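The structure appears below as structure tokens.
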Amino acid sequence: MNIGLVISGGVAKGSYQVGFLKALNEEIKHTSIKVSAVSCSSIGIFSGYAYAADKMDALSDIWNRVHFDSTVDLLYDVWFKHFLKDAIHELVKENDSLKIPMYTPICYLPFVHMDYFRLYGDFYKKWPRFMLGAASYPFLSGGIHWFKGQMSFDGGAMDNIPIMPLLFDGSPELILVLHFEAGFKPRKKYLDYGIPIIDFDISIDSVLRKHSFDFHHDTNIRRMEDGYIYGKKICSVLFDRGNNGLNEILNAAKEQKDKEFTKRLSSVTFETWVQRLNEIFYPFISRTNIKINNLSGRKKEEKVCYSEEKTLVDDKM
């Protein structure tokens, strides 16, 4: 079974993703279940890249070293010590190869619009600059970043839970969405594509889930541990070491979400407001051609190979 993996933004909560993905790997290893594509935004770009490049240990090491006593300290390091840029260059190396396709949205100013890009195969020199633009906010992330001649910023502002590219990818039989917005529900239009979508707030069992800007070292470690514990619980129920078929996985996901129903109703976090911002922009996205651009060192591929356009119409949740 091929599954598509969606990894949302969440600022400091990206450390939860490290633990969950480790648990996911342990559960599906030596089974017929494979992750065939990853779609990610904002801080989730780090997790998506590390997963696609088989570099989760390197990402874990980065999170182990991150420490800021306050948001002011964080902004100082981002602005004056190039923290975000250095973290990307520490993770992304010239000998890297993405084993599975990675899709990421990026936004542009001054005319606010968005593109999706596909990264796959051997390292390409534009990847670090693209990732910096796709995970940055102007004036909050160390200055203004440019990509393809346009002022770029965090794609999560318009699509923080980027399911859309995997609907066009064509290969997943199931899409697993990892996010931090307990009230999130996939759009009906997405479900109409016929690919089952299951989603989980991977921070929902943690006491630290509401602190989106807490990069304290102890918090990072605890979140990775909590993400791993929750990941073991969820993945063992869903996949059962590869013994569960698609219908069994869907039933197990529904049962787990029913157990979390009360927590989901009572939970409002920073990511809730990001999702509401996405709702404002969604009509502009859904009424335009969605173009997924291939970001590769081979110019022929960049122009032709994966330049697929689709049109979505607006819908209601």
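The values are calculated or read from the model by the stated rules, or taken from the named source; none is laboratory data. Not measured: the values here are computed from a predicted model. Don't worry about glycine lacking a Cβ; one is built from the backbone with ideal geometry, like all the others, and counts go over all protein chains shown. SASA here: full protein model, heavy atoms, side chains in, ligands and nucleic acids out. Shrake-Rupley method; radii C 1.70, N 1.55, O 1.52, S 1.80 Å.
Worth a mention:
- Qualifying positions in segment 63-100 - open to solvent by less than 30 Å² (accessible area, probe 1.4 Å) and of a type in the set (A, V, I, L, M): Val66, Leu74, Val78, Leu84, Ala87, Ile88, Leu91, Val92, Leu98, Ile100
- Only one of the listed residues (Asp201, Asp115, Asp205) is farther than 19 Å from Lys85 by Cα, touching a His at 6+ places or on another chain (Cβ under 7 Å), in contact (Cβ under 8 Å) with a residue 24 or more places away in the chain and not basic (Lys, Arg). That residue is Asp201.
- Filter result for Ser60 (open to solvent by 20 Å² or more (accessible area, probe 1.4 Å), over 22 Å from Gly155 (Cβ atoms) and at pLDDT below 95): no
- Restricting segment 122-150 to residues that are surrounded by 15 or more Cβ atoms within 10 Å (Cβ to Cβ) and part of a strand (DSSP E or B), the residue that is modelled with the lowest pLDDT is His145.
- Segment 256-281 residues that are open to solvent by 30 Å² or more (accessible area, probe 1.4 Å), paired with ones that are in a helix (DSSP H, G or I) and of a type in the set (Val, Ile, Thr) (beta carbon under 9 Å, 6 or more apart): Phe270/Val11
- Candidate set: segment 3-12, residues that are at pLDDT 95 or above and either at positive phi or not in a loop (DSSP other than H, G, I, E, B) (or both); chosen: the one surrounded by the most Cβ atoms within 10 Å (Cβ to Cβ): Ile7
- Residue match in segment 269-281 (condition: modelled with pLDDT of 95 or more, within 24 Å of Asn64 (Cβ to Cβ) and of a type in the set (Phe, Trp, Tyr)): no
- Checking each residue in segment 101-113 for being buried (at least 20 other Cβ atoms within 10 Å of the Cβ) and more than 14 Å from the chain's Cα centre (by Cα) picks out only Cys107.
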